[in-house]
């Protein structure tokens with residue numbers, strides 16, 4: 001078995017429009033066409049991979065995100081080009097960000113549903 005690349009990361013969401021704004025407007029991902037899968041959701045392109053937002057039906061247990069922002073929590077990391085610019089943009093929009101430094105190049109933020117997202121520069125990869 002050979003894994004070639006990450007195809008997509010999926011996030012269960014409660015409010016699809018709020019999650020769309022975060023991934024599309026805040027993170028700047030391009031929304032792409034999604035087939036009708038029988039439940040609501042949205043797909044976004046990020047480089048050669050995708051982010052899939054899935055609206056979880058009531059009563060379906062998919063686990064819970066961490067109670068607090070922590071780099072130790074399960075998370076998905078996205079590469080960024082400009083640490084200082086991204087940090088300033090997130091903070092200007094009122095997001096709590098746990099950051100390291102420009103030199104280390106890693107920061108973490110939670111999406112509207114509490115999923116931990118890491119943003120990291122090429123130096124940190």
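The values are calculated or read from the model by the stated rules, or taken from the named source; none is laboratory data. Worth saying up front: this structure is predicted, and the values here are computed from it rather than measured. Glycine also receives a Cβ, built like all others from the backbone with ideal geometry; neighbour counts cover every protein chain displayed.
Values as computed for the structure displayed
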| quantity | calculated |
| --- | --- |
| Residue pairs meeting the criteria (Cβ under 6 Å; at least 6 apart or on separate chains; first closer than 13 Å to residue 99 by Cβ and in the same structural domain as residue 104 (by TED's automatic domain parsing), in the stretch 68-87; second modelled with pLDDT under 95 and loosely packed, with under 14 Cβ neighbours inside 10 Å) | 83/102; 84/102 |
| Scope the stretch 101-122; condition part of a loop (DSSP other than H, G, I, E, B), surrounded by fewer than 15 Cβ atoms within 10 Å (Cβ to Cβ) and touching a strand residue (DSSP E or B) at 6+ places or on another chain (Cβ under 9 Å); matching residues | 102, 104 |
